[in-house]
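Engineer: One structure is given below, represented as structure tokens, and several questions about it will come after.
Every number here is computed from the coordinates shown, using simple stated rules; none is lab data. Fair warning: this is a prediction, and the values are worked out from it, not measured in the lab. Backbone-built Cβ (ideal geometry, glycine too); neighbour counts: all protein chains shown.
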């Protein structure tokens with residue numbers, strides 16, 4: 001059976017939630033909930049935003065599904081960037097966001113492996129199928145499909161290639177796609193399927209070999225963002241900033257398709 005990785009005990013989750021309580025929130029440094037595929041791209045955007053405006057945001061990266069639940073439970077985020085637009089739409093229906101938000105990017109997935117596993121990597125997943133058939137795959141990493149959109153896309157790609165049933169009991173699940181990337185390059189697995197945006201980041205891509213998986217092998221990763229009810233001035237400014245240059249250029253540099261190109 002697949003092995004969940006990185007799950008937090010309830011006591012730790014409670015402590016984290018308390019650290020993000022309204023009492024600790026700063027009006028001029030809003031807390032942003034962002035899908036973990038955005039880790040490197042959004043950090044770059046935030047630096048540019050601060051340089052241009054003098055304003056700062058606090059970035060929290062994790063799985064989109066977990067953030068959806070936390071926002072519904074009252075976590076003090078002011079802006080939510082999801083890797084699955086349905087989570088934003090659900091929060092809007094339940095009255096937690098100001099509106100349905102905007103589509104900010106279309107994500108892609110890639111297969112990645114440590115540099116000593118080059119034969120595993122091709123976007124068609126044919127090399128992975130061959131390695132499975134030869135018994136060379138003991139463990140393989142993806143994000144948890146239960147709450148991580150990139151895990152859902154990875155599962156769909158494996159299903160499209162006819163590999164899901166064969167590989168399912170060898171999977172190591174990351175709590176989010178960033179954790180899946182760490183597992184894929186840890187040496188404890190033979191590789192994994194992660195966000196293309198993470199593979200393009202130097203700190204990840206230079207540690208392995210990767211290939212882009214064709215977009216027709218999974219449902220589009222339509223990524224949507226929205227302001228949470230009660231969002232302050234800085235969160236609104238950052239939301240607007242994400243919809244124009246140079247933020248759009250940074251997202252494109254990290255492999256995201258921009259909404260106007262969709």
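Engineer: Could you state the number of Å between the C-alpha centres of the stretch 193-213 and the stretch 176-191?
Structural biologist: Each part's Cα centre sits 11 Å from the other's.
Engineer: What percent do you get for the relative contact order of the chain when only Cα pairs under 8 Å and 6+ apart count?
Structural biologist: Relative contact order for the chain comes out at 30 percent.
Engineer: Give me the extension gain from residue 98 to residue 52: residue separation times 0.36 nm, minus the current Cα-Cα distance, reported in nm with one decimal.
Structural biologist: 14.0 nm
Engineer: Right, next: Output the 0 to 90 degree angle, nearest 10, between the alpha-carbon long axis of helix 39-53 and the longest principal axis computed from the alpha carbons of the chain.
Structural biologist: 30
Engineer: Would you mind checking the tilt of helix 10-19 against the longest principal axis of the Cα atoms of the chain, expressed as 0 to 90 degrees and rounded to 10?
Structural biologist: Approximately 40 degrees, to the nearest 10.
Engineer: Starting from the 7 Å offset along Cα-to-Cβ, what nm value, one decimal, do you get for the label separation of residue 233 and residue 122?
Structural biologist: Placing both labels 7 Å along Cα→Cβ, they lie 5.8 nm apart.
Engineer: What is the order of 64, 44, 86, fewest Cβ neighbours within 10 Å to most?
Structural biologist: 86, 44, 64
Engineer: Would you calculate a helix-derived [θ] at 222 nm for the chain, using -39,500 (n - 2.57) for each DSSP H run of n ≥ 4 and dividing by the full residue count, to the nearest 500?
Structural biologist: Helices in the chain give a 222 nm mean residue ellipticity of -10500 deg cm²/dmol.
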